[in-house]
Amino acid sequence: MLPFHQRLSNALSYGEFRIYYQPVMNLQTGDLVGMEALCRWPQRDNTMTAPDQFIPQAESSGFIIQLGEWVLRTSCKQVKAWQDAHGRKLRLAVNLSSRQFLHHNLFGMITDALKQSGLDPQDLDLEITEGVAMHNAEDSIGVMRQLKSMGCGLSLDDFGTGYSSLSYLKRFPLDLLKIDKSFVRDIPADANDMAIVSAITAMAHALNLEIVAEGVETQAQGDFLRDCGISYAQGYFFGRPLPEEDFEAMVAALPKQAPRNTA
C-alpha cells in the first residue's frame, strides 16, 4: 500500500477531494450571509475519510500547502460564480493551517486566487486558530497586517480553547472571533457556558469585533446567542456542510438581493 502522504497527493491529482460549504447565518435577520469552505475526501465505497484523519497527516507532511491552495482557489472561484449567478452578497471563510500561515508564498497564493476568481477581497475571511496566532505572536501580527492590507477579513477560530493572551488579542488586527462549539453545546442548560459566551461577546464588542458562534444545533441556543448580541452563527440547526451542488440549490432558492454599488 502507498504511504499515506502519497495517497493524499494522488487524491488531489485525480480530483478526489471535494469542498463542502457550511452556511453562516445572520442571527439578527435570519439571512444567509456566507459559508465556510471545508475539505472532504469521499472514497469509492461511498464512505468519507474524516478530516481529523487526513488533515493532520497533510499538515505534518507539508502536503497541506498544496491542498490548502486548491481549497482556496476552488472555493473563491465557486463563490464568485454564485454571487454573479444569484445576485447575492456572500462571504467565504477559509481556514489557514499553521504551515500555510508561515509559508513564504502565502500572499502570492491569496493574491492569485482572488485575481483569477474575481472575488472581492472583502468577501474573503481567512481563519487562523489561537494556537497558530500565538505560536510566535510578534511575527503573527506582521503577517496579519499584511493580510489586512490586501483587504481580506481575519478571524480567530475556535476562540476560548487555546491560550491567547488578552494583551495580544487587542493587538491582533482581527475582524471576527469564532466562539468554539464546546461553549455552545450545553446552552442553555449550563449557566457557566452562558456566562462565558456573554463575557466573550461583551469583550469582542468592546474591541469592535464581530462574532460567529459555531456548533449551533437548537433553536434555544440560537435564541440565546441572538439575545446576547451575537451577529452570526453556523451549525447543524442552520445546515450541515453541503456539496457544492446542494449548496447552490439552497442559494438559488433564496430571493435575489439588489446589486451592490461597485463605483
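Every number in this text was worked out from the coordinates using simple rules, so none of it is lab data. Fair warning: this is a prediction, and the values are worked out from it, not measured in the lab. Glycine also receives a Cβ, built like all others from the backbone with ideal geometry; neighbour counts cover every protein chain displayed.
Points worth noting:
- Mean projection area, nm², convex hull over Cα of region 88-151: 4.3
- Volume in Å³ per residue [convex hull over Cα atoms, computed for region 1-90]: 126
- Convex hull projection area averaged over all views, region 207-259, Cα basis, nm²: 5.4
- In nm, spacing of pseudo-spin labels at residue 217 and residue 138 (7 Å Cα→C-beta vector): 4.4
- Pair residue 40, residue 167: separation of 7 Å Cα→Cβ label points (nm): 4.5
- Mean Kyte hydropathy of -1.0 or more with a Cα span along the axis of at least 20 Å, helices from DSSP in the chain: 64-86, 191-206
- Amide H contacts of residue 36 (H built 1.01 Å from N, under 5 Å, at least 5 apart or other chain): 22, 24, 93
- Within straight-line cross-link reach of residue 77, aspartates and glutamates at Cα separation under 13 Å, skipping those fewer than 8 residues along the same chain: 69, 112, 120, 123, 244
- With Cα atoms defining each centre, region 143-161 and region 220-257 are spaced 22 Å apart in the structure.
- Kirkwood Rh, Cα atoms: Rg over Rh of region 41-93: 1.11
- Mean Cα-pair separation over length for the chain, i.e. relative contact order, pairs under 8 Å, 6 or more apart, %: 20
- Among 166-176, 128-138, the order from most to least packed when residues are scored by Cβ within 10 Å on average: 128-138, 166-176
- Based on the reciprocal of the average 1/r between different C-alpha atoms, the Kirkwood radius for the chain equals 19.2 Å.
- DSSP bridge analysis restricted to region 20-252 gives an antiparallel fraction near 35%, rounded to the nearest 5.
- Candidate cross-link partners of residue 80 among the lysines, defined by an alpha-carbon separation under 19 Å and a same-chain spacing of 8 or more, comprise 89, 115, 256.
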